[in-house]
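**Q** I'd like to ask some things about the structure below.
No lab work stands behind these numbers, since they all come straight from the coordinates. Bear in mind that the values here come from a model prediction, so they are computed numbers and not experimental data. Neighbour counts run over all protein chains shown; Cβ positions are idealised from the backbone, glycine included.
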Amino acid sequence: DAGVIQSPRHEVTEMGQEVTLRCKPISGHDYLFWYRQTMMRGLELLIYFNNNVPIDDSGMPEDRFSAKMPNASFSTLKIQPSEPRDSAVYFCASSFGDRVYYGYTFGSGTRLTVV
Amino acid sequence: DQQVKQNSPSLSVQEGRISILNCDYTNSMFDYFLWYKKYPAEGPTFLISISSIKDKNEDGRFTVFLNKSAKHLSLHIVPSQPGDSAVYFCAASVSYAGNMLTFGGGTRLMVKP
């Protein structure tokens, strides 16, 4: 298995533009998580899905952020409009089952820079 | 309010010595704890975990200790190697309430040759 695949690896965009981050989870995993890493807040959970259904989006910072999972093999995180404070590394992770005993498998992340 | 805290942002250790990374939590409902390791430009990878029914779990050079009364866990790496230089995150979960992990802010470990 190729692991969790995120694209793009790096994204530089101007303030006000729409940004879409993509994630392909590991085949067979039924949970998908979006995390954001910043110096100030570490790794914070934005939203997670179970069987393609959003379960908890309380970590989404504001209405500018939205996430979808149209099928079991694809998810997107969209920021519209983007702001400089959104600059961070965004990670997608997937896991199987409702127990954390073996943790999540993370993708390599998307480094977003909003100028 | 951070439920999982790693109060040391960085730690420097000599090769061959012990590295001790610490983590504190506030939510008494947490019953499963994990450590992740992250290299630059990569995602975090699972390292070791411990259930709240134990106070120690060992895997090769890595040992995690849990002190439930103090709501504190630590990761010991013995002996430390330069390849261990990375950012280490601790994470906690209420395992019977689903598999959502709450992460600490991370500690950057630097192992000097």
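**Q** Here is a list: A:Leu77, A:Leu112. Which entry is away from chain B (no Cβ under 11 Å), under 10 Å from the mean Cα position of the chain (by Cα), within 20 Å of B:Gly43 (Cα to Cα) and crowded, with 20+ Cβ neighbours inside 10 Å?
**A** Exactly one residue qualifies, and that residue is A:Leu77.
**Q** Please tell me if A:Gly103 is without any contact (Cβ under 8 Å) to a residue 40 or more places away in the chain and at the interface with chain B (Cβ under 10 Å from one of its Cβ atoms).
**A** So A:Gly103 passes the test.
**Q** Further question on the same structure: Here is a list: A:Met15, A:Met60, A:Met39. Which entry is more than 12 Å from chain B (Cβ to nearest Cβ) and either without any contact (Cβ under 8 Å) to a residue 24 or more places away in the chain or in contact with a Leu (Cβ under 6 Å, 6 or more places away or on another chain) (or both)?
**A** Sole residue among the options that is more than 12 Å from chain B (Cβ to nearest Cβ) and either without any contact (Cβ under 8 Å) to a residue 24 or more places away in the chain or in contact with a Leu (Cβ under 6 Å, 6 or more places away or on another chain) (or both): A:Met60.
**Q** Taking into account only those residues within the stretch B:12-44 that are farther than 18 Å from B:His72 by Cα and assigned to a strand (DSSP E or B), which is nearest to the other protein chains (Cβ to nearest Cβ)?
**A** Only one residue tops the list, namely B:Lys38.
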